[in-house]
Amino acid sequence: MTDLAAALGRLVGDEHVRPVPGQPAWLVTPASPAEVADVIRSSADAGAAIVPVGAGYRAARVRGLGERPRIHLSTERLDQVVQLDETSLLCQVQAGLTGLALEKILAPRGLSLGDYPPGILGSSIGGLIGVRTPGKSSARHGFFEEAVAGVSAVLADGRTVHTRVAPRRSTGPDLARALCGSEGTLGIITAATLRLHRRPEARLVAAFLVPSVAAAIDAAFLALREECAPAGLRIIDAAEVRAQFPGVALGDSEALLVAATAGPTDLAACDRDLIASAVDAEGGRAADVGLAELWWRRRFGLEATPEPGPMFQASAGPGELTAAYHAVRAAVPGARLHVSRFDLDGAVVFATFVDGSGAALTGDALAAALTSAEAAATRAGAWLLGARPTALDPYLAALRAELDPRGVMNPGALQ
Amino acid sequence: MSERFTTADVARQLDDCTFCPKMCRHACPVSTTTGKESLIPQAKMDRLNRLRRGLEPWRAETTDALYACTGCRQCTVYCDHGNEPGLVLLAGRAAAQKNGAGHPALTGYGERFRARDQRLATAAKEQFGAEHFATSGTIGFWPGCDSLDKGSADIAAAQAIFERLGVGPVPIVDAGLACAGYPLLAAGLTDEFRWHAGKVATALRRFTTIVIGCSACRHAITAQYQGEGVTVPTEVVTLAEFLATHAAKLPTPAVRKPVYYHDPCYLARSVGVLEEPRRVLGQVAEVREFAWSGVDTECCGGGGLLPKTMPAVADAMARRRLSEIAAAGGGTVATACGTCALMLRRNAPDGVEVADLATTVARLTDTPFTPPAAPADEP
Amino acid sequence: MVVDADRVRRELEAIVGPRRVSLRAGDLDTYARDMWPRLLLARRDGAPPASLPTAVVWPETAREVAAIVKTARRLGVPIIPYGGGSGVCGGVVPVFGGITVDTKRMAALRGVRSRDQVVDVEAGLSGERFERELARRGYTFGNFPSSIYCSTVGGWLATRAAGQLSTKYGKVEDRVAGLTLVTGTGDIVDTDGPRRALGGPDWTQLILGSEGTLGIITSARLRLSPAPQLTVFRGFEVDNVAAGIEALRRVMQTGLRPAVVRLYDELDTFVNSFGHHEHDPERAHFQHTHAPAPLPGEGALPPLPPPPRPAESRGPLERLLGLARRKKDGLRGDAFTALLDRPRFINTVVGAVAEKIARKGCKLIIGLEGARLRTEVEAALTFAELERAGARDLGEEPGRAWHARRYAVSYKMSGVFRDGAFVDTMEVATRWSNLADLYYSVREAIGRHAVVMAHFSHAYPEGCSIYFTFAAHADDRAASERRYDAIWKDGLEAATRVGGTISHHHGVGLLRGPFMAGEHREAMAILGALKKSFDPDDVMNPGKLGLPSARWGSV
């Protein structure tokens, strides 16, 4: 193991190879895609497992590897914007750049990755692409993976692959999609070409009070079916409204629907009006737009969001969403919930579990609440974080065996 | 010469089909029912093209595709070339006959046709009684062979309607003939067709107006006879057209039952009668449409001698046509052709009731009619 | 490898019964080909297909398909899925023989989940029938390729097809919620699930486009849109291709999603203005409802023509006479068949003539459809953006005229082939900043051998597709095939060199197999790994997608 560490030190510089306390692991931080390839080759030759880690790395114990020596491969130093093609609204960036950092670079040019939930942008681009979790989406710009126009990655044998950048192709399976969501098991992403958006001409927000969460959900999908494409949309139940928006008077079953639309002025206004009509059709009415403005500012960290934040999420399709909401609500008394990350595929239910005084549950109480909520949500047809379809696991195993015969690429993941 | 009847044009049609990216293929009921690519219009025409070019020998194994067509013309609706595969394939069948490569199920068909024709005419006389027949007059009724064979109740219903409308009695044409000869063309027996047409024409000439129950007969008499030099100066109208001119006299029931109307393919796409049957039916029922109706109607499988050459496919086509009604929970279907009535009735799934237009009108207007007794020697 | 055909028949009949298996020569001949123009060159010459399947089988369920795949593995014969056979790349050619599996007896539209607007449909359903049934229920899938009359849903999914309205609705791969696949091991797997929520590779996206090499798609869950409440068409005129590209880019990058955008280059605009096919719905309706009748004495049936005279070389004058005779048909493609031996001449001179004499610039067709309110707003914004970019509004008529005849181009193929020439299309795509390069490079490359024109369509915020139509003539089959191959080699090499993709929506099949290594480079390793995982015995459509095959050898 120390031989390997030394070898890696020679490749990337000793200061970029650090032991990870309490594990047979070294944190390695190469500076370039070429170094990444070298590191992978050397590590694989030594039989060490390779675990990709992105921003926010906290040296967490990786499950499923036992005492096998491993490399925590950090892309932190791969933080360059390789190419910015403003004409085509494409940019090629290295995988270690975080979403937020990229947005800072793009903003002065009037460009942006798009209307994705700001909370996810703390991750590195590689992490955003390599790990699929629900909620990386908005109705306006779709699921984050759809922003990927091309990927560069290093395979287990050290070869680098680049997928051709084209708007769309019919040249066989979409090979980039083998790498998206596969958590480094098929290849370590070193760079990606992402689709960008221009700053919209107008941004509008609106708030509505709706008789029930179910009605609000119906209104949301009604608007989406009318081709409304909001930049953000959230349905907040009464419990959470009282905690997050003090002073708002609403009944126990009522809900607050806040929405943001963007685009050319007429289109943004049209989308806002579509939501308003949908709400109206469900028996709701307009509320103080200041509530929506507050939500939007908090979303971008311009104002502090009252703690505690959600500790549970479950994703559901349009047919199951209402049932999932009610199931979690019933399973954990006093829970505060909101539904967001809407697109035509469904949305995500977020829940905050608190005690009588409004403090977050911890320890055993929290564990019990989570267990109840997970069981209830699953029964209602929702999907939990980290869930995986297992029907094709034999094919995933075969694919991994083909591309990674020595089994070094993040072996504990996707099991 | 007319456009589609020159060798140059037929050659163009065959080549156009051979090189075409088969735009019509979704609209061929034979290939859609079987799922067979080799039975799409393009493949059938391509096969004929290869035969006439001498690239394939004239044998039963190679000419079989020529018979997998009912002549329904659904493909022509989607052909920008103006091709007529149904017609050209019949020319192919005629050539197959001459080359001794006719379909094995049609061996000796000329004889069999004549025998059936006589048998049906004789049986009809017995069933209905000679008083319902006439050899001449102002108006005569030509039900068509499939009606005479399996739809005698429909004929009785038609006669009852004629009476009720005040235009009856309309005697059945008495000539010892049941069919206008279309099946002979479908077998590629053009000489027999010409000879038979002459006999039919002689009989029809003795009437001023003829009301025809069979859409293929109507097309044969008004369009195809003249090609063989046989003229029929008589006014020939289909039963649907005839009833439509008197439709206003039909009583309207208080409650209109929903009835689906199935356009017979020859009626809709060869003879152009789409609106009249709906007008008649609409007087007594709420007309409902199939998904593919009017100019897009789908063939019941009864044409082109398919029930003889590919009987399982023909029946499957009828079943497929009615599956939509079954899937919608059942219903009543009316049609305006004896062959369609026969095919659809025989293959109706549970919950789907099929009747000829005249019978449907009779039932919905409470017009009594008595189906004649089966003839003594019914096979 | 000698195949025991009788054994194949017996084993297949054990699965589906005797009526749904065929080893008849006529069937094998039909199923040996799709609409790849190169195959027509041999056919026109009277040559039999170079390879035939051993048998054709028509399964009715996924379980039957699975049993067939297992049988093929056991017998060691390939399996080739066949939908509409409308592909233009030779994807169904049984290069190593085998069993052709026709999906068209699995053609049910099983049902629509109205809450999430997803339809469950079997793969063998014809595109036109699919859309009509959806329309009756108030929905659309939004995929309208010019082959909709002759392609199947399964074929669309296997090739990542696109329709004319893809700018709004996306290509098919953008609207798939799940697939049912019979893999090369005979497993039946579903890829459904809320895609965005589940970890692991997106299997749906890895199976879409696999053209039968990983398995046979037997059914799919597809995302629908409500049937459009409003449809708007418009025609515009721009000074030249560059101005048109810029106008399109600005529209797409404003966040607008017209359903269809079509920018015709100078030559295509010029050609489009000729042989203007009058759209006469009444006349068409009459022709559809009245069979042609013979004149007295002509015979009730048309005469069958005798075999044609042996093909003598038809000189330019003869071809021009042929053209004159057919002028009334309005087949605009014929304008070139008489002069196709001088492609560079045509490309340069007529192109210049188009620019100078026509002096009208390039035509741009725009269409929008969808929910009423939003479509109205988007249409107004789109037209305003186009005008800001210098496009001149020609009104509704050009757009409506295009829509009325939008499938007409497919029929033109017959005339060109009948005349001894050939025609084909090449569709490539790239980002906006590369688009002009791609256009000029590929046009020049094709133009060395053929008359070529192009239109730009299938636009995206980041780029666009270019659709080249080319026609050429050569003296005989061998020369035609040589010229055909040279066009594709030069054209695709140019596309790859300039950074474009070799196919936007037609697929790979046999045609683009040799160019896949250039397209994907090292990423071919992933494709190879996918192949081995799903089809360890290499029986699924071998020889396609440019995948090397140790078992069967080279194509």
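The values are calculated or read from the model by the stated rules, or taken from the named source; none is laboratory data. Computed from a prediction, not measured in an experiment: that's the story for all the values here. Positions of Cβ are generated from backbone atoms using ideal geometry, with glycine treated the same way; all protein chains shown enter the neighbour counts.
General observations
- Pick from region C:407-455, criterion among the aromatic types (Phe, Trp, Tyr) and more than 12 Å from every other protein chain (Cβ to nearest Cβ), ranking: surrounded by the fewest Cβ atoms within 10 Å (Cβ to Cβ): C:TYR440
- Of all residues in region B:124-148, those satisfying the criterion of being more than 20 Å from B:TYR182 (Cβ to Cβ) and in a helix (DSSP H, G or I) are B:LYS125, B:GLU126, B:GLN127, B:PHE128, B:ALA130, B:GLU131, B:HIS132.
- Unique match (being among the charged types (D, E, K, R), at the interface with another protein chain (Cβ under 10 Å from one of its Cβ atoms) and free of Cβ contacts under 8 Å to residues at least 60 places away in the same chain) among A:ARG298, A:ARG388, A:ARG341, A:ARG400: A:ARG388
- Pairs, first within 7 Å of chain C (Cβ to nearest Cβ) in region B:1-19, second at pLDDT below 85, C-beta under 8 Å, six or more apart: B:VAL10/B:ARG4; B:ALA11/C:PRO308
Let's see how each residue does on (1) in contact with a Gly (Cβ under 9 Å, 6 or more places away or on another chain); (2) closer than 30 Å to C:ILE245 by Cβ; (3) among the hydroxyl-bearing types (Ser, Thr, Tyr):
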| residue | (1), (2), (3) |
| --- | --- |
| A:ALA48 | no, no, no |
| A:GLU67 | no, no, no |
| A:THR87 | no, yes, yes |
| A:GLY99 | yes, no, no |
| A:LEU102 | no, yes, no |
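- Remark: A:LEU78 falls outside the filter, which requires a residue to be at pLDDT 95 or above and within 14 Å of chain C (Cβ to nearest Cβ).
- Restricting A:ALA327, A:ALA376, A:ALA391 to residues that are surrounded by 15 or more Cβ atoms within 10 Å (Cβ to Cβ) and outside any helix (DSSP H, G or I) narrows the list to A:ALA391.
- For region A:196-209, a residue qualifies if it is facing chain C (nearest Cβ under 9 Å) and either crowded, with 22+ Cβ neighbours inside 10 Å or among the aromatic types (Phe, Trp, Tyr) (or both), and exactly one does: A:LEU196.
- Residue in region A:111-118 that is touching a strand residue (DSSP E or B) at 6+ places or on another chain (Cβ under 9 Å), surrounded by fewer than 21 Cβ atoms within 10 Å (Cβ to Cβ) and acidic (Asp, Glu) present: no
- Restricting attention to region A:66-87, the residues being assigned to a loop (DSSP other than H, G, I, E, B) and in contact with a Leu (Cβ under 9 Å, 6 or more places away or on another chain) number 6.
- Which numbered condition C:MET106 misses (of (1) farther than 24 Å from B:PRO29 by Cβ; (2) within 10 Å of another protein chain (Cβ to nearest Cβ)): (1)
- Number of residues in region A:119-131 that are assigned to a helix (DSSP H, G or I), within 14 Å of chain C (Cβ to nearest Cβ) and surrounded by fewer than 22 Cβ atoms within 10 Å (Cβ to Cβ) equals 1.
- The set of residues in region B:221-252 that are of a type in the set (D, E, K, R) and under 26 Å from B:GLU3 (Cα atoms) comprises B:GLU228, B:GLU235.
- Enumeration of residues in region C:240-292 that are in contact with a Cys (Cβ under 9 Å, 6 or more places away or on another chain) and closer than 30 Å to A:LEU111 by Cα: C:ASN240, C:VAL241, C:ALA243, C:GLY244, C:ILE245, C:LEU248, C:ARG249, C:MET252, C:VAL261, C:LEU263
- Residue match in region B:45-61 (condition: assigned to a loop (DSSP other than H, G, I, E, B), over 25 Å from the mean Cα position of the chain (by Cα), within 21 Å of C:THR100 (Cα to Cα) and outside the structural domain of B:ASP263 (by TED's automatic domain parsing)): no
- Residue list for region B:52-93, restricted to those being within 9 Å of chain C (Cβ to nearest Cβ) and among the aliphatic types (A, V, I, L, M): B:LEU55, B:ALA65, B:VAL77, B:LEU87, B:VAL88, B:LEU90, B:ALA91
- Breaking point among (1) within 7 Å of another protein chain (Cβ to nearest Cβ); (2) buried (at least 24 other Cβ atoms within 10 Å of the Cβ), for C:ILE217: (1)
- The number of residues in region C:281-298 being surrounded by fewer than 19 Cβ atoms within 10 Å (Cβ to Cβ) and in contact with a Ser or Thr (Cβ under 6 Å, 6 or more places away or on another chain) comes to 1.
- Screening region C:65-174 for helices (runs of 4 or more DSSP H) wholly inside it with 2 or more residues that are of a type outside the set (Phe, Trp, Tyr) and surrounded by fewer than 21 Cβ atoms within 10 Å (Cβ to Cβ) returns the ranges C:127-136.
- Scope region C:522-555; condition in a helix (DSSP H, G or I) and facing chain A (nearest Cβ under 7 Å); matching residues: C:GLU522, C:ALA523, C:ALA525, C:ILE526, C:LEU527, C:ALA529, C:LEU530, C:LYS532, C:SER533, C:PHE534
- Residues within region C:175-217 that are closer than 13 Å to A:PRO389 by Cβ and assigned to a loop (DSSP other than H, G, I, E, B), tallied: 9
- Counted residues, region A:374-409 - those being more than 23 Å from the chain's Cα centre (by Cα) and among the aromatic types (Phe, Trp, Tyr): 1
- Total residues in region A:222-251, condition assigned to a helix (DSSP H, G or I), of a type in the set (Gly, Ala, Ser) and touching a strand residue (DSSP E or B) at 6+ places or on another chain (Cβ under 6 Å): 2
- Boolean, C:ASP475 is part of a loop (DSSP other than H, G, I, E, B), out of contact with any helix residue (DSSP H, G or I) (no Cβ under 8 Å at 6 or more places or on another chain) and away from chain A (no Cβ under 12 Å): yes
- Close Cβ contacts (under 6 Å, 6 or more residues apart or on different chains) running from residues in region A:159-184 that are more than 7 Å from chain C (Cβ to nearest Cβ) and crowded, with 24+ Cβ neighbours inside 10 Å to residues that are assigned to a strand (DSSP E or B) and of a type in the set (Gly, Ala, Ser) comprise A:LEU179/A:ALA153.
- Residue match in region C:508-515 (condition: within 11 Å of chain A (Cβ to nearest Cβ) and among the aromatic types (Phe, Trp, Tyr)): yes
- Only residues that are more than 9 Å from chain A (Cβ to nearest Cβ), hydrophobic (A, V, I, L, M, F, W, C) and under 18 Å from A:GLY181 (Cα atoms) were counted in region C:176-196, giving 1.
- Considering only residues in region C:487-540 that are surrounded by fewer than 23 Cβ atoms within 10 Å (Cβ to Cβ) and of a type in the set (Gly, Ala, Ser), the one that is farthest from C:LEU208 (Cα to Cα) turns out to be C:ALA494.
- Within the option set B:ALA341, B:ALA328, B:ALA291, B:ALA316, being without any contact (Cβ under 8 Å) to a residue 12 or more places away in the chain and either at negative phi or more than 20 Å from the chain's Cα centre (by Cα) (or both) holds for one residue only, B:ALA328.
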